[in-house]
Every structure is written in C-alpha cells, then in structure tokens.
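Throughout, read-outs are computed from the coordinates displayed, never taken from laboratory work. Not measured: the values here are computed from a predicted model. Reconstructed Cβ throughout: ideal geometry from the backbone, glycine too, with neighbour counts over all protein chains shown.
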Amino acid sequence: MAARRHRCLVVPLTRRSADSLVHNGKPGAQEAQDAHLLPTQIVKPEMFDASEAALIDKNQRLPNGTPLNRTPTWSDSPWSEPGNVRHGWELIRKRYADQPEVLKSFEQWAEKTTLPDMGDATVADWLTAENAPRFIGGLGGSGMSAAMRETQNRLIRAGNPARRAPVSGLMQHAAKPGSRQAMEKAALLVDRVHDDGDLRGVVMSNRVLGGGDGSYSARPRETFAQIGVRADSPYPLNTTLHEIGHHLRLELLRKHPGLVGDVAEAAGNSEAAALIKKLRFNTRELLADNELFCRAYAQFIAEESGDPEALREIADMRDGADRFYVFDTADWPRIRGAMRILLSKKGWLRT
Ligand SMILES: [Zn+2]
C-alpha cells in the first residue's frame with residue numbers, strides 16, 4: 001500500500017506577521033502571501049527568542065525534533081551552489097547572453113574589484129570555479145594565507161617558553177596548506193600556556209569522522225592518535241584546541257579523574273549548559289563530561305594565551321549560533337579555576 005504523504009512547511013516569520021496570524025485565527029490573503037502560505041494551510045506560529053532561533057538554525061531542527069530540511073540552494077535558485085551564494089561564470093554568461101553590453105560591463109567591474117580579506121583576489125577570480133577552493137580550503141575562518149600563517153607561527157614558536165615535550169612536537173601534519181598552519185598554531189598556543197608529559201603522537205588531517213567540524217580518535221593498538229579538522233571550519237583554532245583537549249584529557253584522567261570531573265562539573269553549571277538543557281537539544285552529547293571538558297579546555301587556551309585570533313573566535317561564537325559552545329564571562333572564573341588546579345596538580349602549569 002502506498003503511504004500517504006503529509007507535507008509540512010516551516011516558514012520563518014517576523015513577530016508582526018505571526019501576531020497577526022494568531023490574532024486572525026486563519027491567514028488572510030495578504031498574510032498568507034507574506035508567509036508564503038496557501039490560505040488553506042494550517043497556521044500554528046510558535047515564537048522563539050534570538051538564542052533559540054540561533055540554535056534551531058544551527059541544528060536545522062525544531063525543539064520537538066522536526067527537521068527543517070532546508071532547501072540546499074538559496075531560494076532554490078538554479079545558479080547558486082549548496083551552501084554557497086557564489087554564481088558561476090557559465091550561468092552568468094548564459095543568463096545575459098542576449099544583453100552583451102550588460103555582461104561586458106559586469107565583466108569589467110568584476111575584473112577590477114577586489115574582495116575584502118581575500119588578498120588581491122577579484123570578484124572575477126571568485127566567480128571562476130577553479131579558484132574557489134583557494135578561498136574555501138586555504139584560508140580557514142581568518143582570511144590568512146598559509147604563508148602569513150607560517151610567519152606568524154615562527155614568531156609564536158620563538159616567543160614560547162622552552163617545553164620538555166611540547167604538544168606541537170607530537171604533531172604529524174597531513175592537512176591542507178592553510179588549515180595545516182592553523183592547526184599547528186593551535187598546538188603552539190597550547191605550548192605557550194602549559195607544559196606536558198610524554199604523550200602519544202597525533203596525526204593532524206582534514207579527515208573528520210562524523211558530522212561535526214572536528215574529530216578525535218585514539219585506538220589502543222595504533223601508534224598515533226588522529227585529529228581531524230575540516231579545512232573550511234569557521235573556527236579552526238577552537239576546533240583544533242577542542243580535539244587536542246580530548247587527547248590530553250585521556251592522560252589527565254589516569255591520575256586525576258576527580259579534578260577532570262571538577263572542570264566538567266563547573267562547565268556543566270554554566271549558562272551555556274543551561275541553554276542546552278532548556279532547549280533539550282542533543283543534550284546527551286553536548287552535556288557529556290568529555291565534551292564539556294574539551295569546550296572548557298579550548299576556551300582556556302584561547303583566554304590564557306591571549307592570542308587575538310583565538311579570542312576573536314570565542315567572541316564570534318558567543319555572538320552567534322555557536323554560543324552554547326563557549327562559556328559566558330560570569331561563568332568563566334569557576335571553570336578556569338578548576339582547570340588551573342587540574343593542570344597544576346599534574347605539574348603542567350607553573351604557578
Ligand atoms: Zn569533542
């Protein structure tokens with residue numbers, strides 16, 4: 001028997017149109033049109049505040065679990081690529097084939113107009129498909145080229161205190177240029193903040209297990225642990241630091257499980273954790289001790305190293321859809337205190 005299909009539509013509305021729909025009981029012609037609804041469609045507006053909306057957007061799921069199934073291109077337009085507003089030259093040329101003078105003036109403009117934060121790249125470069133990976137994979141979230149990052153890493157390394165077994169020395173780099181240097185920078189920031197013992201080596205690559213921005217795996221029989229960070233991660237430092245946190249946590253747990261637990265507990269008593277609980281989203285993963293610990297660790301290295309890029313990532317996350325991944329200023333002293341006690345007891349932090 002063929003299943004009868006039930007179609008539901010989730011449409012974001014402004015408060016004004018939602019209020020008017022609630023007030024009238026069913027949509028009038030104008031409201032229906034504003035909300036892209038047919039007058040016969042059932043209207044059940046639900047109001048969310050900005051942080052709830054950010055979380056819904058991030059997870060592409062309503063709090064009751066309904067997936068949003070957002071269309072992959074902007075407004076289903078044929079000319080944009082999934083997850084990208086970039087048009088290709090081919091489509092642009094086809095579209096303006098009968099208006100050569102319009103196309104010509106656009107081409108001239110695109111040739112000489114450079115893009116902010118993309119070096120000397122022009123709009124024309126950006127529209128050329130072969131050039132796109134440069135921007136998607138090469139620069140990470142910061143707009144810095146691999147060469148700029150190399151230079152910066154050299155300076156950080158030179159300024160770091162001498163470490164017996166620095167985390168940056170454990171890394172085998174297999175990631176793409178740009179991403180590779182960002183991951184290396186994250187390890188150098190760790191070295192700036194604390195000492196460490198004899199740890200297993202780590203292969204750093206862009207191969208991510210699962211659906212997130214980064215992953216960590218450590219198989220008992222393998223010589224190396226694996227850290228993967230997506231080449232286009234918007235927060236390459238934070239993601240790498242989070243995964244390094246997983247690596248270090250395994251070592252810290254062996255002698256100080258109680259103190260590792262104290263960090264997770266302090267992180268679990270935060271506003272960020274309360275928001276996750278309130279929205280009941282993915283609580284099992286996001287409120288797990290090891291994840292709370294690693295989010296605290298990533299923020300700890302950013303704050304203690306004082307690195308402007310790492311701090312900007314935290315600020316950007318706090319302002320946007322990723323705010324539950326970082327801890328508020330009011331919660332931070334307790335989490336930082338627990339982390340300092342742990343690292344001091346381990347002998348990794350000289351006070
Ligand atoms: Zn994690």
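Report ³J(HN,Hα) in whole Hz for each residue of the stretch 303-310, in order, from the Karplus equation J = 6.51 cos²θ - 1.76 cosθ + 1.60 where θ = phi - 60°; Gly and Pro get x.
Running phi through 6.51 cos²θ - 1.76 cosθ + 1.60 with θ = phi - 60° gives 5, 6, 6, x, 5, x, 5, 5 Hz.
Throw me the Rg/Rh for the stretch 165-345, computed over C-alpha atoms with Kirkwood Rh, two decimals. Don't skip to the end; give the middle numbers.
Values: Rg = 15.1 Å, Rh = 16.2 Å.
Rounded to two decimals, Rg/Rh equals 0.93.
Report, ordered by chain and residue number, the lysines lying within cross-link reach of K94, taken as a straight Cα distance under 16 Å and ignoring same-chain residues fewer than 8 apart.
K104
Using the count of nearby Cβ atoms within 10 Å as a rough guide to exposure, how do V263, V167 rank from fewest to most?
V167, V263
Could you work out how much longer the chain between L62 and N290 gets when fully extended? Use 0.36 nm per residue separation minus the Cα distance between them, nm to one decimal.
Here the answer is 79.5 nm.
Quick check on packing: order 313-323, 334-344, 238-248, 156-166 by the mean number of other C-beta atoms within 10 Å, highest mean leading.
Output ranking for 313-323, 334-344, 238-248, 156-166: 238-248, 334-344, 313-323, 156-166.
Convert each backbone phi in the stretch 194-201 into a coupling constant with the Karplus relation 6.51 cos²θ - 1.76 cosθ + 1.60 (shift: θ = phi - 60°), then list the ³J(HN,Hα) values in order as whole Hz, x for Gly and Pro.
Along the stretch 194-201, the couplings run 8, 7, 7, x, 7, 10, 5, x Hz.
What ranking of Y297, Y216, Y96 emerges when the number of other C-beta atoms within 10 Å of each C-beta is taken as an exposure proxy, fewest first?
Values: Y297 26, Y216 22, Y96 15.
If I rank by nearby Cβ atoms, fewest first, I get Y96, Y216, Y297.
Obtain the nm distance between the two label points defined at K104 and A330 by a simple spin-label model: each point lies 7 Å from its Cα along the Cα-to-C-beta direction.
Output for this residue pair reads 6.3 nm.
Once you compute Rg and the Kirkwood Rh from C-alpha atoms, what is the Rg to Rh ratio for the stretch 215-293?
Across the stretch 215-293, the Cα-based Rg/Rh ratio is 1.00.
With an 8 Å Cα cut-off and a minimum separation of 6 or more residues, compute the relative contact order for the stretch 165-345 in percent.
On the way: 269 pairs, mean separation 35.8, N = 181.
Once divided by the residue count of the stretch 165-345, the mean separation gives 20 percent.
Please report the net charge: other residues with Cβ closer than 13 Å to the Cβ of R149, K and R +1, D and E -1.
+1
Within the set K185/K345; K58/K345; K58/K185; K58/K176, which residue pairs have Cα atoms separated by over 30 Å?
Pairs exceeding 30 Å: K58/K345.
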